[in-house]
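Novice: To start, I am sharing the structure in question, which I have written as C-alpha cells.
Each reported figure results from applying straightforward, stated rules to the coordinates on display, with no laboratory input. Predicted model, so just to flag it, every value in this text is computed and none were measured. For neighbour counting, all protein chains shown are included, and Cβ atoms are generated from backbone atoms with ideal geometry for every residue, glycine included.
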Amino acid sequence: MLKLVIPKGSLEEQTLRLFEAADLHVRRGSSRDYHGSIDDDRIERVSVLRPQEIPVYVAEGLFDLGITGQDWIAETSADVEVLTTLSYAKTGPGHGTKVVLAVPNEHPANAAREMPAGSRISTEFVRLTERFFAELDIPVKVAWSYGATEAKVPEIVDAIVDVTETGSTLRAHGMKIIATLLTSDPVLVANREAVADPVKRAAMDDITTLLLGALRAEGRVLIKLNVSEADRDAVIAVVPSMKAPTVSPLAGGGYAIETVAEKRGVNRLIPQLLAAGATDILELPISKIVP
C-alpha cells in the first residue's frame, strides 16, 4: 500500500533501530542495498536514499511516506505534509541537529551580521544559506560543498554552513559557531495526495503510532513491586511515574505497584524503594508506550 523511503547515511542506523523497535523490521540483502521490504501489508516497499533527496521525491509522489530532516525540507522547499517529529539523532534518542554558520577561531566576526560583504561560504545548504544572508542584506558568495566542508577554511572559503549535533567536530578543526540558521529533527513526511486518501492516511496513522510508541519507550523501563499497607505511602512518595503509578490490592494484603521509570535513574531508584519498604522489585524492558 505505502511506498516508504528512509534516510541513508548518518541517520540510517538509528532509523533502522527505530523501525525494529516499532515491529517494522526492514529486511535487506545487505547494508549496501538501496531497497528492502517490511513484513507488513501496510507497506508495499522500502527504499533507502540520501535524506537530501527524500523531501522532493515524497512531494512528487514517488513515495507516499518518508523520513528526512527539517533542514532538507527547508533547503528544498518541498511541499510535503509533516506527520510528526521524531526526536532522535545519529547518536540515539534525543534532539536532532543544528545548521550553523562557523568561521575560524581567529576570524573577527562573532555574529552573522558581522560577516563582511563578499565572504565566501561553502555548504550543502546553498538555498538556505542564500536566504539567510539575503535577510541580513549581506551579499556573500555561496558555493556547493561536496563534503569535508570544514577542511576548506580558511584557504578556500571564509566560512561554512554545516550541520552539527554538539559542535565538537567544528571546535576540533579550530572553528567557532557564530549563528544557528535552524534546528532540525528527523520528521515523518507524507505526499499530500496520499494523505488525502483515507485508506493510506489510516495506514500512515498506524505507522506514526508505532514509531512514536517505540521512541517514547527508549530509555525507559517498567518497575513492579510489592509493598505493605504500612509502607504504601512512603513507597509511593519515592516512585516516579508518567502520570500516576498503578496501585492494586494484593489478595494476601498489601499492594502491587507498577510504574514507568527512566532507565538511567534505576540504579538509585531501587535502593530508595527498598529503604522505603518495597519488596519483590522487578525491572522489565518496555517496547512501546502509547498514551
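Novice: For the chain, with a Gaussian network of springs between Cα atoms less than 10 Å apart, report the residue from ASP162, ASP41, ASP185 with the top mean-square fluctuation.
Specialist: For the chain, modelled as a Gaussian network with Cα springs under 10 Å, the answer is ASP41.
Novice: Modelled label-to-label distance, ALA111 and ALA172, 7 Å Cα→beta-carbon offset: nm?
Specialist: Once both label points are built, they end up 3.1 nm from each other.
Novice: Now a separate question. ³J(HN,Hα) across segment 193-207 via Karplus (A = 6.51, B = -1.76, C = 1.60, θ = phi - 60°), whole Hz, x for Gly/Pro?
Specialist: Per-residue couplings from phi come out as 5, 5, 4, 6, 7, x, 5, 5, 5, 4, 5, 4, 5, 4, 4 Hz.
Novice: Enumerate the amide H contacts of LYS176 below 5 Å, restricted to partners 5 or more residues apart or on another chain; note that Pro and chain-start residues carry no placed amide H.
Specialist: Those lying under 5 Å, H to H, from LYS176 are VAL103, ASN105.
Novice: Ok, one more. Can you figure out the FRET efficiency of ALA275 with VAL247, using R₀ = 25 Å and their beta-carbon distance, to the nearest 0.05?
Specialist: So the FRET efficiency works out to roughly 0.85.
Novice: Another question, then. Given N residues in the chain, what is Rg(Cα) / (2.2 N^0.38 Å)?
Specialist: Relative to the 2.2 N^0.38 Å estimate, the chain comes out at 1.27.
Novice: If r is the Cβ-Cβ distance from LYS288 to ALA151 and R0 is 51 Å, what FRET efficiency results, to the nearest 0.05?
Specialist: According to the calculation, E is roughly 0.75.
Novice: If you plug each phi of segment 145-162 into the Karplus form 6.51 cos²θ - 1.76 cosθ + 1.60 with θ = phi - 60°, what whole-Hz ³J(HN,Hα) values come out, in order, with x for Gly and Pro?
Specialist: 9, 9, x, 6, 4, 5, 6, 8, 9, x, 5, 9, 10, 8, 7, 9, 10, 9
Novice: Moving on to the next point. Which whole-number percent is the relative contact order of segment 220-285 (Cα, under 8 Å, 6+ apart)?
Specialist: Averaging sequence separation for qualifying contacts and normalising by length gives 52 percent for segment 220-285.
Novice: Residue by residue, what Karplus-based ³J(HN,Hα) values in Hz, rounded to whole numbers, does segment 24-35 have, using 6.51, -1.76 and 1.60 with θ = phi - 60° and x for Gly and Pro?
Specialist: Whole-Hz 3J(HN,Hα) from phi for segment 24-35: 10, 4, 8, 9, 9, x, 7, 5, 8, 6, 8, 9.
Novice: Next question. On the principal axes of its Cα set, how long, how wide and how thick is segment 97-184? Give whole Å, largest value first.
Specialist: Projected onto its principal axes, the Cα set of segment 97-184 covers 30, 28, 24 Å.
Novice: Filter the cross-link list LYS3/LYS288; LYS8/LYS263; LYS98/LYS176; LYS152/LYS176; LYS224/LYS263; LYS263/LYS288 down to pairs whose alpha-carbon distance in this structure exceeds 18 Å. It would help to have the intermediate numbers written out before the result.
Specialist: Values: LYS3/LYS288 24 Å; LYS8/LYS263 29 Å; LYS98/LYS176 14 Å; LYS152/LYS176 14 Å; LYS224/LYS263 14 Å; LYS263/LYS288 14 Å.
Over 18 Å Cα-Cα: LYS3/LYS288; LYS8/LYS263.
Novice: What value, in deg cm²/dmol to 500, does the helix sum -39500 (n - 2.57) over DSSP H runs of n ≥ 4 give at 222 nm once divided by the residues of the chain?
Specialist: Helix-only estimate at 222 nm: -8000 deg cm²/dmol.
Novice: Shifting gears a bit: Just how far, in whole angstrom, is segment 169-211 from segment 1-78 if you go by their alpha carbon centroids?
Specialist: About 11 Å separates the Cα centre of segment 1-78 from the one of segment 169-211.
Novice: Next up: Can you return the aspartates and glutamates within cross-link range of LYS141? Criterion is Cα-Cα under 14 Å, with same-chain partners fewer than 8 residues away left out.
Specialist: Once the sequence-local aspartates and glutamates are set aside, what remains near LYS141 is GLU124, GLU130, ASP158.
Novice: Right, something else. Suppose a student asked you for the relative contact order of the chain, using Cα pairs under 8 Å spaced at least 6 residues apart; what percent would you report?
Specialist: Details: 579 pairs, mean separation 56.7, N = 291.
This gives 19 percent for the chain.
Novice: Pull out the extension gain between ASP197 and GLU229, defined as 0.36 nm times the separation in residues minus the alpha carbon to alpha carbon distance; nm, one decimal.
Specialist: Here the segment from ASP197 to GLU229 would lengthen by 6.0 nm.
Novice: Picking from PHE63, PHE133, PHE125, which is most flexible by a Gaussian network model of the chain using Cα springs under 10 Å?
Specialist: With Cα springs under 10 Å in the chain, the top fluctuation among PHE63, PHE133, PHE125 is at PHE133.
Novice: Hey, another quick one. State the antiparallel share, in %, of DSSP beta bridges confined to the chain, rounding to the nearest 5. Let's see the in-between values first.
Specialist: Values: 45 of 60 bridges.
So the antiparallel bridges in the chain amount to around 75 percent.
Novice: What's the Kirkwood radius of segment 220-285 in Å, using all Cα pairs? Walk me through the numbers on the way to the answer.
Specialist: Working: mean 1/r = 0.0863 Å⁻¹.
The answer is 11.6 Å.
Novice: Now a separate question. Fully extended, how many nm does the chain gain between SER77 and TRP144 (0.36 nm per residue separation, minus their Cα-Cα distance)?
Specialist: Here the segment from SER77 to TRP144 would lengthen by 22.4 nm.
Novice: Sticking with this structure for a sec: Compute the longest continuous run of the chain that contains no exposed GluC sites (Glu not before Pro); treat a site as exposed when its DSSP state is not H, G, I, E or B and it has at most 16 other Cβ atoms within 10 Å.
Specialist: Longest gap between qualifying sites, sites excluded: 166-228.
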